[in-house]
Amino acid sequence: MSDQVLLRVPAIEIRQGRNRTLYSFAVDGKMLPEFTTVSRIRRAEEGDIFGYQRPEVLSHIAEIRRYIESNDPMIPNALVVAFDRRVQFKPFEDSEFNTGYSRAGLLVIPVRKDAPEEDMPGWIVDGQQRAAAIREAAVKSFPICMVGFIANNDQEQREQFILVNSTKPLPKSLIYELLPETHAALPALLQRRRFPAELLARLNRDADSPLRFMIETATNPFGAPPQGIIKDNSILKMLENSLSDGLLYRFRVSGTDDDPEIMLPIIKRFWTAISEVFKDIWGLPPRRSRLTHGAGVVSLGFLMDAIGDRYRKGTIPTVEQFQENLEPLRPICRWTEGYWEFGPGLQRKWNEVQNTPKDIQLLANYLLVQYRELVWNRYAKAASSTSLV
């Protein structure tokens, strides 16, 4: 093992707000692998999430590399790196370099060439592709602008990663999977999706969930076992609809006080019933079944809410009660073959139903009307007859 050396680079310390401190500096990009790493998102066997970066995009890296190897390249955008507390800032004593919000000095970074990735003092938060391109480029050196901050823990790194990348073309799936692991204030849209994203994560990994490993996410992509076949955005829409004015809304507390342990049994019971009523096609991918397609998932969420309305004065429906309410609809569903009979002159082949607002509304309305005719009215009449006897 080689001895540790200290890399000292000129830097400017910049104070933002009350508690934020940034460090602006430049370094030879070829040295980045000696003190930074990329923490790619993954899950441990027990389901905890680690890391926060997206996998390298090889075509993008190759494009940047070719540019770096050209005659007169320039990359003005700074890479963002999160340091641990081993990195220190030593300010210059000369007051001429100081302002009310910044001061000049040296950033001292411990470097050990043979250190394992998990022992690096820096993690790249933004600029993964550029760093990889510089690493592979056929050039002796390539100085690059850097902005660093010292993070207290992994959670703070994830929060900054989301905030830095939320306005860029970053895969939504990656952001949704990271949301439950963060607690900082976020933009309004992401803030609203944090709790639904937490429910989604639990549905995808809880041992008693009928949707376990069936939801396609950054750590559970389509095509690799266990295989995610239902788009995470479809599940999020289904949950958000119910949380805003459906069955799950009845169990909301307020804001961040929502309790997943109250709502998860409801969702699990409903989708367990779905898996039983349609067990002959359960688990088929969307191209073979509209049951796991976005239109089907969101529409079934509205049906879950409608069934919940029947039990508004009682307890939450059991799996058996959900099945009892769903079974009469099975003959009229065309998830994998045939034609949906949406109305006079309005037939639609099973795989012509698309994940669009118009088609979702069409399918949801059809299922709700059929539910009211085949189930709700029948039970209402039976209850009325009983009360007259």
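Comparing Cα centroids, segment 71-132 and segment 263-340 end up 52 angstrom apart. Between the beta carbons of residue 72 and residue 97, assuming R0 = 35 Å, the FRET efficiency works out to 0.65 to the nearest 0.05. Kindly flag which residue pairs out of 140/172; 172/358; 268/358 have an alpha-carbon separation exceeding 29 Å in this structure. From 140/172; 172/358; 268/358, over 29 Å: 140/172.
Quick check on segment 258-376: take the gyration tensor over C-alpha atoms, sort the square-rooted eigenvalues as a ≥ b ≥ c, and tell me if it's rounded (a/c under 1.5), prolate or oblate. Because a/c hits 1.5 or more and a/b exceeds b/c, segment 258-376 counts as prolate. Ranking of 304, 238, 214, 31 by neighbouring Cβ atoms within 10 Å, starting from the fewest: 31, 214, 304, 238. For segment 186-388, the gyration tensor built on C-alpha atoms gives an oblate shape. Its axis ratio a/c (a ≥ b ≥ c) is at least 1.5, and a/b is not larger than b/c. At full extension, residue 189 and residue 244 could sit 18.4 nm farther apart than now, given 0.36 nm per residue minus the alpha carbon distance. Full extension of the chain segment joining residue 281 with residue 156 gains 40.7 nm, where the gain is 0.36 nm per residue of separation less the Cα-Cα distance. In terms of other Cβ atoms within 10 Å, 261, 159, 177 run from fewest to most in the order 261, 159, 177. Once the Cα-Cα distance is subtracted from the 0.36 nm per residue extended length, the residue 259 to residue 361 segment shows a gain of 33.8 nm. Neighbour counting of Cβ atoms within 10 Å sorts the residues 315, 292, fewest neighbours leading, into 315, 292. Projecting the Cα atoms of 267, 189, 354 onto the charge dipole of segment 186-388, computed from C-beta unit charges around the Cα centre, puts 354 farthest toward the positive end.
Quick note: the coordinates plus some simple rules give every number you see, no bench work behind them. All values reported here derive from a predicted model rather than from experimental measurement. All Cβ positions, even for glycine, are placed from backbone atoms using ideal geometry, and neighbour counts span all protein chains on display.
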